[in-house]
Amino acid sequence: MNMKCGFRNILYGIGGWPVAVAMSVAAVVSSGLRPVSAQAVSLPSKPALSFLEQADYYKFLNEDSCLYFANKAYTESVAMQDKRRQAEALTYIVDAHKTKGDYDKSLELSKTLGELAQQLDDDLLYAQSLYQIGTVYLKMGVFDAAYANLTSAIDIFRNFPPSNRLAAAYNALAVLFAKQTNFDKARGLFADGLASVDTDDKREYVLLNNNLALCYLFSDNEAAGEELLKSLIDLIEKEGIPYNQSRIQLNLCRIYIDMGRIEDVLRFGEAALAAARNRHNPLSEAQALYYIGYAHYLLHQTDSALLYFLATDSVTADAEIRMYAYTHLASIYGQAGDYRNAYEYEVRQSELKDSLNLRTNRDNLDRLTHEYQYKQQMAVLEAERRKHLLTWGASGVLTVLVLVVLWVLYSRQRLKLDNIKLKQKNMSLELERRNKEIVTQTMYLQQKNQSIAVIADRLSQSKHLFKNSNKPIIDDVIRELSLSAKDTTWEEFEMRFEQVHTDFFKNLNKRFPNLSPGEKKLCAYLKLGMNSKEIAQLTHTTVGSVEQARFRLRKKLGLNAEINLSTFIEAL
């Protein structure tokens, strides 16, 4: 597994283990491995601090506690009709929702913050709203909108003395370039942020250096990243900075896995686990459990690895981490000869993978939607700007007025044409995405069926090794696997294909009623834009066989040499 690909959060909860494993897990839980529920425990409040100050204190420690006190501060400020404190509370509420992954809510509240800033005529607060909007778009992967808002925020922040706000904006812009693998530009922006940071409040300083260390990691300079992260841990402990240092320790684990230093992974994983529990942060705790389990797995200490992966599964609901844990659990059970549990986790891993694929598709669709909305907003603003300029020219002479009116009409018409082109382009991109989704899902189903069939065959060949009392169970497992591996790939393909390309087969049959089922399938593959190599891979034939089938299809369709077969099919 490539640890540089990363994963989001981690959590757990599964049952149905053998008695021996269940007893082992119970023993580990009783010894302190099981984390405390995030809902059951909240970090203690600071009586000497206001709600707003407490929200700020927990900003880098625990997003749930930060959100709790920020909401308290917002409710209090609304009752007091204090719009400035409302706006200040909103900044922490937006940060907390953003950290928890609720981007639509964060975007909505960021715009509310901008409206409050305009009511208060506060440029600094308005720049803060631009920063928040930019960071939300950054999280969503809408980089154009993120760049525009972040650079606008930085331009305003520069008019004021250097502060953590300016440093945070540089930090976000640096992350944007790092996500686009422009690490040189990212490091320069991190340096600008560090030059602007408030030395009295070093939390932003820690965050900047933490992200800079990740920049080193992903640009294959692990040693520099390691040195920087270790210095941050020393700084946090020495000066008592209120910062969740388990995040830094987990980043060290990522570096040490990449460097092959497994003992260091265990050392910092245990430290991160202790820090996460101390701060009641279940997300960091789940990540730490996974890293520790993965380190034991790499050391071939399968008993310990099994316990930590089971614990990881019981801590988090994050599908991506559970999928990784299930992959390792299936491998461990398979190596131990426990094929029932190996099969169970293989199935669960497959289900989560399907779920993640769907979630990725939804995320991409959401990103495209927000990109489209942002472009539409920019088009509206541009139209408003032009309209404003035309208003100023209305006092000119009659000739100028006529020219202005003609320009307005031309601009509106061009804007309509641009919108039509944009919609057509989006429709084309969406069709291409759905075509790729059909092919990917079909190939995945075939691979899954093949894998299950192989497992069933291996069990069948090994049946003589089991006790006679266990053979009925093995037969049941083989029967279930065989039923699961039943090839329904074409039916699944045809259903998904008809959802995207309605009436394609109906029109094909009407125009060419003599086509065989195999030739109709070939037409469907060509409609999706697949080449001969991809079709051969999907149908388990040779490229030569596909080329022969295409030649026969051309003859049946009555196409001459000047007409491209794929182009003809795509136009149907």
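Laid out as a table, the results:
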{"read-out": "Output for region 453-489, where each listed residue is within 21 Å of Thr541 (Cα to Cα) and either surrounded by 14 or more Cβ atoms within 10 Å (Cβ to Cβ) or modelled with pLDDT of 75 or more (or both)", "value": "Ala453, Ala485, Thr489"}
{"read-out": "Close pairs (8 angstrom Cβ cut-off, 6 or more residues apart or separate chains): not assigned by TED's automatic domain parsing to the domain that holds Tyr131 in region 81-94, surrounded by 24 or more Cβ atoms within 10 Å (Cβ to Cβ) and modelled with pLDDT under 90 anywhere", "value": "none"}
{"read-out": "Single residue of Asp201, Asp264, Asp184, Asp234 found to be surrounded by fewer than 19 Cβ atoms within 10 Å (Cβ to Cβ), without any contact (Cβ under 8 Å) to a residue 60 or more places away in the chain, of a type in the set (D, E, K, R) and in a loop (DSSP other than H, G, I, E, B)", "value": "Asp201"}
{"read-out": "Among (1) closer than 22 Å to Arg433 by Cα; (2) part of a helix (DSSP H, G or I); (3) of a type in the set (A, V, I, L, M, F, W, C) - the single one Val546 does not satisfy", "value": "(1)"}
{"read-out": "Within region 305-333, considering residues that are among the polar types (S, T, N, Q) and farther than 13 Å from Gln349 by Cα, the one surrounded by the most Cβ atoms within 10 Å (Cβ to Cβ)", "value": "Thr312"}
{"read-out": "Residue count, region 57-80 (criterion: in a helix (DSSP H, G or I) and either touching a residue at least 12 places away in the same chain (Cβ under 8 Å) or of a type in the set (Asp, Glu) (or both))", "value": "15"}
{"read-out": "Ser50 among the polar types (S, T, N, Q), buried (at least 21 other Cβ atoms within 10 Å of the Cβ) and modelled with pLDDT of 85 or more", "value": "no"}
{"read-out": "Set Ala153, Ala191, Ala195, Ala178: member being among the aliphatic types (A, V, I, L, M), surrounded by 19 or more Cβ atoms within 10 Å (Cβ to Cβ) and not assigned by TED's automatic domain parsing to the domain that holds Ile133", "value": "Ala178"}
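The values are calculated or read from the model by the stated rules, or taken from the named source; none is laboratory data. Remember, it's a predicted structure, so these values are computed and weren't measured experimentally. Here Cβ is always computed from backbone atoms with ideal geometry, including for glycine, and neighbour counts include all displayed protein chains.
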